[in-house]
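> Below is a structure I'd like to ask you about.
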Amino acid sequence: MDYYAHETAIVDDGCTIGKGTKIWHFSHIMSNCKLGENCNIGQNVVVSPEVILGKNVKVQNNVSLYTGVICEDDVFLGPSMVFTNVNNPRSGVNRRGQYLKTTVKRGASIGANATIVCGHDIGEYAFVGAGSVVTKHIPPYALVVGNPARQIGWMSEFGHRLEFNENGLAICPESNQEYKLENNNVTKIK
């Protein structure tokens, strides 16, 4: 094995798990999911069939990733956050063929106890605040909070709130990367 799984973790047959990935206590990695290289799967995490995680995805304790979820490289999933996979679940109605897809784009962060309602994508480097409930698509670099989640600003790739000047320019205080705000879209200036 090129990955580590704690002795209490359950890893079903048929998974693809990348080199350097760590799976911690009491987690369950179900069949037909794909975990990229150097992921960290915290304690008591469920990764359902057909979930795809890119490289360097950090999944904190008590997270549930249900069928239909795709996380690109460098995504952070905070403690006890959850993805849904059906909009109208009922115990007595089988909706397995109705799972909706949710994609979390590269570098995005989702805070502790957030809920992502299925079918709503999270843009590159977006930041979902702790306890938020996402009920619509989140644009790249957006900072959203609340229930339902609403946008209150923009974030840099290093996770700092961006303050744009009158020309629509902002600089990340940690990386010194420049960003441009134009037509309610943020792009990094190369």
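The values are calculated or read from the model by the stated rules, or taken from the named source; none is laboratory data. Predicted model only: the values in this text are computed from it and were never measured. Neighbour counts run over all protein chains shown; Cβ positions are idealised from the backbone, glycine included.
> May I ask you to say which residue of Ala114, Ala108 is surrounded by 19 or more Cβ atoms within 10 Å (Cβ to Cβ), in contact (Cβ under 8 Å) with a residue 24 or more places away in the chain and farther than 23 Å from Asn185 by Cα? Write out each step before concluding.
Numbers: Ala108 fails: farther than 23 Å from Asn185 by Cα.
Matching residue, one of Ala114, Ala108: Ala114.
> Let me ask you something else. Please go through the range 72-104 and pick out each residue that is out of contact with any Phe, Trp or Tyr (no Cβ under 8 Å at 6 or more places or on another chain) and closer than 19 Å to Gly14 by Cβ.
Scanning the range 72-104 gives a single hit, Arg96.
> Just for strands (runs of 3 or more DSSP E) wholly inside the range 105-190: which have at least 3 residues that are among the aromatic types (Phe, Trp, Tyr)? Walk me through how you get there before you give the answer.
Numbers: elements: 142-145, 150-154, 169-171, 178-182, 185-189.
Ranges flagged: none.
> If you scan the range 5-54, which residues turn out to be of a type in the set (Asp, Glu) and either closer than 21 Å to Asn85 by Cα or in contact with a Ser or Thr (Cβ under 8 Å, 6 or more places away or on another chain) (or both)?
Asp12, Asp13, Glu37, Glu50, listed by residue number.
> Taking Gln177 as meeting all but one of (1) outside the structural domain of Arg106 (by TED's automatic domain parsing); (2) of a type outside the set (Lys, Arg); (3) free of Cβ contacts under 8 Å to residues at least 40 places away in the same chain; (4) out of contact with any Asp or Glu (no Cβ under 8 Å at 6 or more places or on another chain), write down the number of the exception.
(4)
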